[in-house]
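Below: one structure, written as structure tokens.
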Amino acid sequence: MIRSRVWFGPLLVIALTAVLVFLTVPVLAIFLETTPAQIVRKLGEDQAREALWLSARTTGAAMLLIVAVGTPAAYLLATRRFRGRALVITLIELPLVMPPVVAGIALFAAFGRAGLLGDELGALGLSIPFTEAAVVMAVAFVASPFYIRQAIAAFEAVDPVMVDAARSLGAGPGRAFWRISLPLASGGLTAGWALAFARGLGEFGATIIFAGSLQGTTQTLPLAVYAQFESDFDAALAIGGMLIVVSAAILLAVKLGSSWTTRLASPSTSIFRGAPSA
Amino acid sequence: MDHPARLSLDLDLPRRAFGLTLTLEVGAETVAIVGPSGSGKSSLLRAVAGLVRPARGRITLGDRVLFDSDRGIDLPPERRSVGLVFQEYALFPHMTVRANVAFSRGARVDELLERMRIGHLADARPRELSGGERQRVALARALARDPEVLLLDEPMAALDPHTREGVRGELRALLDELGLPALLVTHSFGDAAALAGRVAVLESGRLVQQGAPGELIARPADAFVASLTGANLVAGEAVGAEGGLTVVRLPGGALVYSGDQLEGAVGVVVRPSEITIAREIAPDSTLNHVRGPITSVVRLANLARVQVGGLTAEITTMSLDRMGLSEGDDAVAVFKAAGTRLVPLGRAAAEG
């Protein structure tokens, strides 16, 4: 007994130290192996510049789609109880646990020229694989569950009495959603948005299968890192460094933002929260 | 506003334990529905507001039909002219007081803020307000819609005990001044009596009695109403008649008399303020005497609640001190047969 009391505390500290070293040393290494000046210079080169611009466009478009369609879908799942609701939520969560490469194959099987919907798309004169649209679809496929899951939890945390109060004050369901549910869930929605954005920005596996790695058309930042890895390691480091800075900035912004909205409204808006109730 | 619309309810509300069936008319008056928690009081208000759908029935406000199951009418909440003050007030936490009151797009926001004495709080957020202030914001918000009926769900429950008394008076004055049909629900008979001219008691899904608070206190219809009004309720057995009075044997063996005619298992109801405490039985007109040791003495300001033989008497501390009685002393609870009511007692009610 005495022995375990003596050892337990230090054991926890050792474990935490190991975790911290393992997770931070590689990140530090990127910035020690390159310099800010080098990052700026390498990002000025064509391949990096094109990849940066493409990533911004495709991730932006995907996030717009996810928020525009995912928010009302999550609101429905959070506020209505119906048969099969748990199954619907599980289906939405499936891409979370699916290997991204498999997601790419699946998208190909559905929307490829010889795929499930290939003939229909062909008849409309559409060919999706290896286009910018394919990148947007790949990003939306892997990133949307991050947003929707969080959005369901955020809407569930809004006290239904608030919506009742709005309705009794003359607001229709639409106005109650805009003026009450949406602002009160905003902290959780922002957190989900950030998680989805970070996941989408780093998307690699599904994109490389479904959209390929064509410079200027489908080669996003992560694909550019991979392409440069063998030819120009410094460029890979530079792009990697920039991605880390962007991701860290998002994480920080969400943490600050959520602590602010938590103080404003009541629902908890921790960035990593539990699964929505089934 | 010249002719306040009359609210009439006739509905069945499904509940977990039992259905709630109720018929009620509310004119330009305040009616309080009193019942234990879980009796469906809040659901009733939510049904009037259109937030809960009754299983069957009809709700009308003046000549407007808000709900009619036979004709398939069910107006959504936003199309009913109903002001609902929620339990805990349900103020929008992300909006200022002014934005809360202006939410219904009423025209008289500033006037209401002044009238409810919250003008100085217009830019504050709900979490910065005291309970009384929140209640005034909730009332202003509900009134901003110019409702034809006002519903209040446990309006006093979220208040500190020391502010309750003052707020109760203010609310009563406001309700009188508005002259709207107002329906409030509460679990406290005290709040109901202080706020409403008419009190309806809800028990196990139905209205068991309604009337002025004084009537309920004086003539409770059953044991539940009696205990709700704060009267003493002692289970006994009607054992016979004497001189036109019913004789009831109490569990301790004491015989008490009542002018009410009832047989079998009965509840003896006496208000605490109608019982006096004596050292010995005096040769006066009072018929009922219950002897026993004083089991508890609770002093509240200048009054004391003294318990003898299962009965609580409310007497002044002055008279208690003059008699020099304290806990454990033998005493007699004395009360008139004319002030002793009998109510039928079911087996279940006898437990409480």
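See the values below:
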| quantity | calculated |
| --- | --- |
| Only listed residue being over 26 Å from A:GLY241 (Cα atoms) and exposed (fewer than 14 other Cβ atoms within 10 Å of the Cβ), chosen from A:GLU120, A:GLU93 | A:GLU120 |
| Complete set of residues in the range A:199-209 that are open to solvent by 10 Å² or more (accessible area, probe 1.4 Å) and outside any helix (DSSP H, G or I) | A:GLY202, A:PHE204 |
| For B:ARG117: the one exception among (1) open to solvent by 40 Å² or more (accessible area, probe 1.4 Å); (2) facing chain A (nearest Cβ under 10 Å); (3) within 30 Å of B:ARG164 (Cβ to Cβ); (4) not polar (S, T, N, Q) | (2) |
| Qualifying residue in the range A:139-147 (condition: within 14 Å of another protein chain (Cβ to nearest Cβ) and either on the phi < 0 side of the Ramachandran plot or under 28 Å from the mean Cα position of the chain (by Cα) (or both)) | no |
| Filtered residues of the range B:28-44 (kept if among the polar types (S, T, N, Q) and surrounded by fewer than 23 Cβ atoms within 10 Å (Cβ to Cβ)) | B:SER37, B:SER42, B:SER43 |
| Residues (polar (S, T, N, Q) and either under 26 Å from the mean Cα position of the chain (by Cα) or open to solvent by 70 Å² or more (accessible area, probe 1.4 Å) (or both)) located in the range B:290-339 | B:THR295, B:ASN302, B:GLN307, B:THR312, B:THR316 |
| Filter result for the condition that a residue is in contact with an Asp or Glu (Cβ under 6 Å, 6 or more places away or on another chain) and surrounded by fewer than 23 Cβ atoms within 10 Å (Cβ to Cβ), over B:ARG15, B:ARG56, B:ARG79, B:ARG71 | B:ARG56 |
| Filtered residues of the range A:148-177 (kept if more than 12 Å from every other protein chain (Cβ to nearest Cβ) and free of Cβ contacts under 8 Å to residues at least 40 places away in the same chain) | none |
| Residues within the range B:82-103 that are within 26 Å of B:ARG53 (Cβ to Cβ) and open to solvent by 20 Å² or more (accessible area, probe 1.4 Å), tallied | 2 |
| Index of the failed condition, B:ALA200 passing every other in (1) outside the structural domain of B:PHE335 (by TED's automatic domain parsing); (2) open to solvent by 40 Å² or more (accessible area, probe 1.4 Å) | (2) |
| Residue in the range B:273-289 that is farther than 24 Å from B:ASP329 by Cα, open to solvent by 80 Å² or more (accessible area, probe 1.4 Å) and at pLDDT below 90 present | yes |
| Filter result for the condition that a residue is open to solvent by less than 10 Å² (accessible area, probe 1.4 Å), touching a strand residue (DSSP E or B) at 6+ places or on another chain (Cβ under 9 Å) and either within 13 Å of another protein chain (Cβ to nearest Cβ) or of a type in the set (D, E, K, R) (or both), over B:PRO155, B:PRO147 | B:PRO147 |
| Among the candidates A:ALA253, A:ALA275, residue that is over 30 Å from B:LEU91 (Cβ atoms) and modelled with pLDDT under 85 | A:ALA275 |
| Search result, residues across the range A:210-238 that are open to solvent by 50 Å² or more (accessible area, probe 1.4 Å) and in a helix (DSSP H, G or I) | A:TYR226, A:PHE229, A:GLU230, A:SER231, A:PHE233, A:ASP234 |
| Subset of the range B:126-141 (residues that are touching a helix residue (DSSP H, G or I) at 6+ places or on another chain (Cβ under 8 Å) and within 11 Å of chain A (Cβ to nearest Cβ)) | B:PRO126, B:ARG141 |
| Sole exception among (1) modelled with pLDDT of 90 or more; (2) in the same structural domain as A:TRP178 (by TED's automatic domain parsing); (3) open to solvent by less than 60 Å² (accessible area, probe 1.4 Å) for A:ARG57, by number | (3) |
| The lone exception for A:THR71 - which of (1) open to solvent by 40 Å² or more (accessible area, probe 1.4 Å); (2) in contact (Cβ under 8 Å) with a residue 40 or more places away in the chain it fails | (1) |
| Unique residue being small (Gly, Ala, Ser) and more than 13 Å from the chain's Cα centre (by Cα) when the list is B:GLY190, B:GLY214, B:GLY169 | B:GLY169 |
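The values are calculated or read from the model by the stated rules, or taken from the named source; none is laboratory data. Values in this document were obtained by computation on a predicted structure and should not be read as measured data. With ideal geometry, Cβ positions are generated from the backbone for all residues, glycine too; neighbour counts draw on all protein chains shown. In case anyone asks, the SASA skips ligands and DNA or RNA and just uses the protein heavy atoms, side chains included. Shrake-Rupley method; radii C 1.70, N 1.55, O 1.52, S 1.80 Å.
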